[in-house]
Amino acid sequence: MAGVNMAYRGRGYHPGWRGAGPSHPQQNHYQLPAESAADATAAWLHQLRNIWGLWKKSDAVTLMLHEYFASAPNPYAASLHIMRNCEESHQSKPTSLSFAVMEEFARWISNKQTELSHLLTADIKLEAFNVATLQRNHSLSKIMYNVYQLASDRELFIPSIEEMVSRKQYKEACQSAALLELHPHFAVEDFVIPLVFQDKLTVAEEFLAGSPEHQRHLVMFLDSLLGKRNIRSEADSIIRRLDIPDVKKDKLYHKPLSKLVARLTKTYNLPPENCPNLNQKRNEGALQFLMHKRYVENTLGPESWREMVREAVGNSKDLQMELVTSVNSYGDPYEALYWARVYGVPKERRPYNVRMLQDEDPDISQQQGAAAVVPGGAQPEQETWDDDCTQIVYHTLPLPYDNIVLIDSERKFERFLDFLKDVSMVGIDSEWKPYFGTKRNELALIQIASKEKVHILDVCSLGSRCPHLWHELGQLLFSNENIVKLGFGLLTDMSMMQRALPHLGASSLSGAGYIDLVVLWRKLTLDYPFVFPYTDDDGASGESLTRLVQLCLGRPLDKSDQFSNWERRPLRESQKMYAALDAYCLLEVYEVLSQCAQEQTIPFYEICNEVMSDVKSPRKTAKHSKKPAKREPSIAEVAPSPHIEPVPASQFRAVCDNMVQGLGKMLRKCGIDTVIINNEENHDVCVRIANQQRRMVITRGTIYNRLYHHLPPGHCYPVLSDAVEEQLEEVLKYFNVIVKREDVFSRCQVCNGGEFVVVPQELMRRLADSSQRMAQVYRAEDDLRWDETEGFSSESDACSEEGTAPPCVLRYRNLEGGVIVEHCQTRKGVTILVDSVPLGVLNQVQQFNVCENCGKCYWDGSHFERLVGGRLHNVVS
């Protein structure tokens, strides 16, 4: 075979010629009959495959291919001919023959494109496009697009791409349009949105990267879905309209869509205006989060509370109204009035008791509210007889306030750099303003603490206007292994600094000179019998700086200024104290850990060297680690359902573990008697409740393995799905539960109660008036009690918190319509929460349903039909 091929080459013959096409300059070609040319081509390809099988990519293959290209009348057509005749030509791995052919052709043609441009006809380009489209290897497709200069005639391929879209070949159409830069000719609905619905967004990212306009349109489209009341229903209509196959419907819910919109917005640096619905949803969640921090955990200071509430609410009229209503529902009408005035909420839309409060005292101070009457605000000390009501004593900064130095000018920055030259160890922390929407967090402060002083670098004021000083700081501190740098979760702080201040130029984020106290804490407690000098008073768990300070120094950190507007200037004194202490306490903790380790004969400094050599993040593991992943324990086999016959929803009783709280709320909406375990409660509580009250346990994951042994077979079920709607269908199917329309909302969503009293509109108005009168009476009685010097007894102490009537009321119930009007109570003595009903609703709705167990008020609205026709569409029979 080799002899035959050499003979062909010696005669200037190219296998496969049919006499078509112009020849290379200064070459005389001999034309053979078609049959002989076909035989010669087959023989040459056979020889090429043999050499490739022996040597793979080698000089022999390269020489053979280059001679082939040089002797071909049209090298562009010749290379495509070889590609078509290679085995597995469509898969074309980088180690395949077809990949090598195109790679060598690209190398051979690189300096001959101008000379041979007349050979690159439209027909050859179309053939190259078709061959490239069939390739599974995108890198090979890119080579072919470049070699055959397809982008120079990009409009030629628009019909072919449109045909791909019609055949639902979204991936091929998207990749072709991206390589040919045909963005103006296609909309996101052509293939980008179908790829998103198929959970193949990575395929579309190359196309999106080349078009900010398509980025914006995609984000706006997905954000519009978030604004729909029923995302799944809206998505289904789009799927039907575009006729999209193979849709991953488990991704078409609020949570995954929200994450996707947020990721795309940050990836493409789009302004928040492009996703108003996501920002609205996140700000709603942020407002509830701030409410919880302020009124439940009591860990948010009054100034920080008001700063961050302004950020969360913004210009949204709905959120402004929700803020006023929610604050009032937490028993703080003064603060509700404050916000109602700030945002100009019309008087008729304010909660009833807030209106009455203003009517009583029109000149009430604007400052009353969070800072004046809410627990945790600055209040005068009052005598108390409650021994359990102890105030938390927090750890404080042992340095004078004057030792906190704010660096907000170049001159101060230079003096700080001189100070650093004599320092051997520092604590480092940083602060930034939390954003609840899609806007990226920006660094505001860097705190660097030494034993004598804490320097706070005001990044907002300094910015990048003194790059030479930031560079000097990087060299003097962050790249200096002789200065030990302490941090807590160092990677987050250092990454933020490096992104905001590129002039720092720190070559590494960890390693020699860096000690992350999170890693040090783990090594001491996991690898050694280390004992802290103090214990947790509340038995808290987890890795937080305030807990570590509690264990080492005996007192926790006060985090009331953590969620602050750190970009606002001037900084409050409490903010400076908080920021300084966060950095300085690292030095104190390190010293205590060192002393305790030495007393317990633990090699502390050797452990510190191990920490400094551990350059990985303490919170995240490598994404592509070569170590085999730990095998997750499997879930034990689930027993058959205990219910063969259908069970009405009203007769089914369940207890939901804290792993499936969202499912528990959905079960209540279906009218199922459901107990939901709180986050702080142990999983084993489910077993006790289930055995005592004859309930079915619903949990998730390997917790099932712990629980099912203690229950009858089939009385414990682990849900498998991630989506709440699918979990609901899963549970109802397993336990054979039938839900009807009359079951929906037949139980109280707050307390799980199933008893309601129907209250007409006129009686509801009288209850509202009674509630206001009762509030006035209680305020007067409270004033009187504090003026008296005696008369307290065990009976009078039994009168509970504001809003709950004294026990003597139960002796003379005057029931009217099932309620006690004069005391605004249900017949069970529970206060009716009439103040939570908006005035507009009170004036429009003719009938209310009041839960007899907790006083929650309900009324008919559009939510019922939305729920039945949406999330419960596949459930209600």
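Remarks
- With the simple spin-label model, which puts each label point 7 Å out from Cα in the Cβ direction, the ALA43 to ARG866 separation comes to 7.9 nm.
- Accessible area of the stretch 460-517 divided out per residue, in Å², using a probe of 1.4 angstrom: 39 Å²
- Label separation (SER110 vs ASN230): 6.0 nm, computed from points 7 Å beyond Cα along the C-beta direction.
- Linear extension gain, ASN315 paired with ASP418, 0.36 nm per residue minus alpha-carbon span: 32.5 nm
- Kirkwood hydrodynamic radius (C-alpha pairs) into Stokes-Einstein, the stretch 513-607, 25 °C and 0.890 mPa s, D in µm²/s: 167 µm²/s
- Among MET612, MET220, the order of accessible area from largest down is MET220, MET612, computed with a 1.4 Å probe on protein heavy atoms.
- For TRP566, the residues whose amide H sits under 5 Å from its own are LYS433, ignoring neighbours fewer than 5 places away on the same chain, with H placed 1.01 Å from N.
- In this structure, the amide hydrogen of MET696, modeled 1.01 Å from its nitrogen in the peptide plane, lies closer than 5 angstrom to those of ARG653, ALA654, VAL655, counting only residues at least 5 positions away or on a different chain.
- Solvent exposure of the stretch 60-138, expressed per residue, is 44 Å² of accessible area, with all protein chains present and a 1.4 angstrom probe.
- Computed Rg/Rh of the stretch 629-683, alpha carbon atoms with Kirkwood Rh: 1.08
- Surface share of carbon and sulfur [accessible, 1.4 angstrom probe, percent] for the stretch 105-247: 46 percent
- Cβ-derived FRET efficiency at R0 25 Å, LYS451 paired with HIS471, nearest 0.05: 0.45
- Karplus 3J(HN,Hα) series, Hz, for the stretch 273-288 with 6.51 cos²θ - 1.76 cosθ + 1.60 (x for Gly, Pro): 4, 6, 9, x, 5, 4, 4, 4, 4, 5, 5, 4, x, 5, 5, 5
- The share of C-alpha pairs in the stretch 233-291 whose separation exceeds 16 Å stands at 57 percent.
- Amide H within-cut-off set for VAL647, under 5 Å, with H built and near neighbours excluded: VAL737, ILE738
- Relative compactness, the stretch 442-560, computed as alpha-carbon Rg over 2.2 N^0.38 Å: 1.22
- Across the stretch 725-734, rounded Karplus estimates of 3J(HN,Hα) from the backbone phi angles (6.51 cos²θ - 1.76 cosθ + 1.60, θ = phi - 60°) give 4, 6, 4, 4, 4, 4, 5, 4, 5, 5 Hz, Gly and Pro being marked x.
- Shape category assigned to the stretch 78-135 from the gyration tensor of Cα positions, a/c cut at 1.5: oblate
- Placing pseudo-labels 7 Å out from each Cα toward the beta carbon at LEU720 and SER634 gives an inter-label distance of 1.3 nm.
- Per DSSP, loop trypsin sites (Lys or Arg not before Pro) in the stretch 653-725 with at most 15 further Cβ within 10 Å: ARG694
The values are calculated or read from the model by the stated rules, or taken from the named source; none is laboratory data. All figures in this text were calculated on a predicted structure; none of them were measured in a lab. Quick reminder, even Gly has a Cβ in these numbers, built from the backbone with ideal geometry, and neighbours come from all protein chains shown. Calculation scope for accessible area: heavy atoms of the full protein, side chains included, ligands and nucleic acids excluded. Shrake-Rupley method; radii C 1.70, N 1.55, O 1.52, S 1.80 Å.
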